[in-house]
Amino acid sequence: MEKYNYKGLNIIIENPVGSIREGKDSKGNVWRTKFFYPYGYIDGTVGADGGEIDCFIGEHPEADSVYIMHQLKSDGRYDEDKVFLGFLNLQSARDVYLAHFNTQGYIGKMTSMPFYEFKNKVYKR
């Protein structure tokens, strides 16, 4: 795993560009994901699933907004958030999400917030 600092957020990259993650879903279907953007988590945070907050890192560190996909479970209930740092707009963040998942069935509402607000919120003490 690689450590990365994104504007003061400590990111642990679990899946660098080109890496592949594989597994089986709850129905025994095999899935495989190739990563086109670095993917990991924000160290020292706690997401809705009890683990750190998951994130993708884009190519635009100058981006002022953070985009958040409120991911759903297969039954349509809320699951967890996926955060997009370094993306210029909501559509590009959504496109990256879709490039990494085999189905649109997990797409929930997407929201955005200013980076400074997001950083304060995830590192609130």
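Residues in the stretch 46-70 that are modelled with pLDDT of 95 or more and β-branched (Val, Ile, Thr): 53, 57, 66, 68. Out of 68, 57, report the one residue that is touching a Pro at 6+ places or on another chain (Cβ under 6 Å) and either within 20 Å of residue 94 (Cβ to Cβ) or of a type in the set (A, V, I, L, M) (or both). When all the criteria are applied, what remains is 57. Please tell me if residue 105 is at pLDDT below 95 and within 24 Å of residue 2 (Cα to Cα). Taking the combined requirement at face value, the residue does not satisfy it.
Listed by position, the strands (runs of 3 or more DSSP E) contained in the stretch 19-105 that have at least 1 residues being open to solvent by 20 Å² or more (accessible area, probe 1.4 Å), in contact (Cβ under 8 Å) with a residue 40 or more places away in the chain and of a type outside the set (Val, Ile, Thr) are 30-34, 65-72. Counting the residues of the stretch 2-36 that are within 20 Å of residue 79 (Cβ to Cβ) and within 16 Å of the chain's Cα centre (by Cα) gives 5. Residues in the stretch 71-89 that are modelled with pLDDT of 95 or more and either more than 21 Å from residue 6 (Cβ to Cβ) or more than 10 Å from the chain's Cα centre (by Cα) (or both): 86, 87, 88, 89.
Within the stretch 18-34, the set of residues being over 16 Å from residue 69 (Cβ atoms) and touching a Lys or Arg at 6+ places or on another chain (Cβ under 9 Å) comprises 18, 19, 20, 21, 22, 23, 30, 31, 32, 34. Scan the stretch 106-125 for residues that are of a type in the set (Ser, Thr, Tyr) and open to solvent by less than 60 Å² (accessible area, probe 1.4 Å) and the total you get is 2. Looking at the stretch 115-125, is at least one residue farther than 25 Å from residue 24 by Cβ and of a type in the set (Ser, Thr, Tyr)? Yes, some residue in the stretch 115-125 is farther than 25 Å from residue 24 by Cβ and of a type in the set (Ser, Thr, Tyr).
The values are calculated or read from the model by the stated rules, or taken from the named source; none is laboratory data. Computed from a predicted structure; not experimentally measured. When we count neighbours, we look across all protein chains shown, and the Cβ atoms used for this are built from the backbone with ideal geometry, even at glycine. In case anyone asks, the SASA skips ligands and DNA or RNA and just uses the protein heavy atoms, side chains included. Shrake-Rupley method; radii C 1.70, N 1.55, O 1.52, S 1.80 Å.
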